[in-house]
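The values are calculated or read from the model by the stated rules, or taken from the named source; none is laboratory data. Owing to the predicted nature of the structure, the values given are computational and were not obtained by experimental measurement. Reconstructed Cβ throughout: ideal geometry from the backbone, glycine too, with neighbour counts over all protein chains shown. With ligands, DNA and RNA removed, areas are computed over all heavy atoms of the protein, side chains included. Shrake-Rupley method; radii C 1.70, N 1.55, O 1.52, S 1.80 Å.
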Amino acid sequence: PGLKVGLHLNLLEGKSTTHHAYIPSLVYGRGNFYSLKKFIRRIILRLINPDHIEREITSQINALKLSGLEVSFIDSHQHIHALSPVAEIVKKVAENENISVVRSYGNIRTYTLTAKIKYLILKFSAYLSYFLTYGKIGLPAAWNTKNAETYSFMSWEGSNFDFSIIKDTKLVFVAHPYLPFDSNTSYMWTL
């Protein structure tokens, strides 16, 4: 009963939930999303209509609601909402849908050197995306959101990090169990 369900927003793999005719700048073919590299290139070149992003996010939320689930938070696949303009669109949709929690990149805790380096690369990319989108220096909305939850990304920590040493009771672990890039098995007992 205490389990919360969130939208793991996907704009990068597989098919859209919105018919491709309504989001043509976001997909190719019959609704296939572009890869991360192509998506970023298209955002930089301003080839993706922000309205199409908003439409797809809303459609994914509605798909969860139609299946009887209450959406209590939003995060994103491959951290795409850490970058502008996706971050600001996610914030707007979350407010419209009365979803009070969006994963905040300002509340990330890292434990290994590898994770710290990956986090710095993401933060640099976030500054750059904000500058390219708005022409000024700053961080996207997803970095400024104030959530009580602190996030740790297990795949960032590497395969040898033992997460059982962490004592923070408000920590949200983000893991991709059984996927090849998330090889840390120290959290498998929780599943």
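The share of accessible area on the range 1-86 that comes from carbon and sulfur is 58 percent, using a 1.4 angstrom probe.
Just to be sure I understand the model, the point goes 7 Å from the Cα along the line to the Cβ. What's the resulting residue 120 to residue 95 distance in nm? Rounded to a tenth, the inter-label distance reads 3.4 nm. Among the trypsin sites (Lys or Arg not before Pro) within the range 1-109, those in coil by DSSP and having at most 12 neighbouring Cβ atoms inside 10 Å are 4, 30, 46. To check you understand DSSP bridge types, tell me what percent of the beta bridges within the range 1-107 (both residues inside) are antiparallel, rounded to 5. Rounded to the nearest five, the antiparallel share is 30 percent. The loop-placed GluC sites (Glu not before Pro) in the range 56-143, going by DSSP, that have at most 11 neighbouring Cβ atoms within 10 Å of their Cβ come out as 70. Past the 24 Å Cα-Cα mark, which pairs from 38/65; 15/118; 91/136; 65/91; 92/123? Going by Cα-Cα distance, 38/65; 15/118 fall outside the 24 Å limit. Across the range 19-129 the C-alpha pair distances fall into 10 Å bins from zero in the proportions 13, 41, 34, 12, 0 percent.
Length gained on full extension, residue 109 to residue 30: 24.5 nm, using 0.36 nm per residue less the C-alpha separation. Using a probe of 1.4 angstrom and keeping all protein chains present, the accessible surface of the range 1-131 works out to 54 square angstrom per residue.
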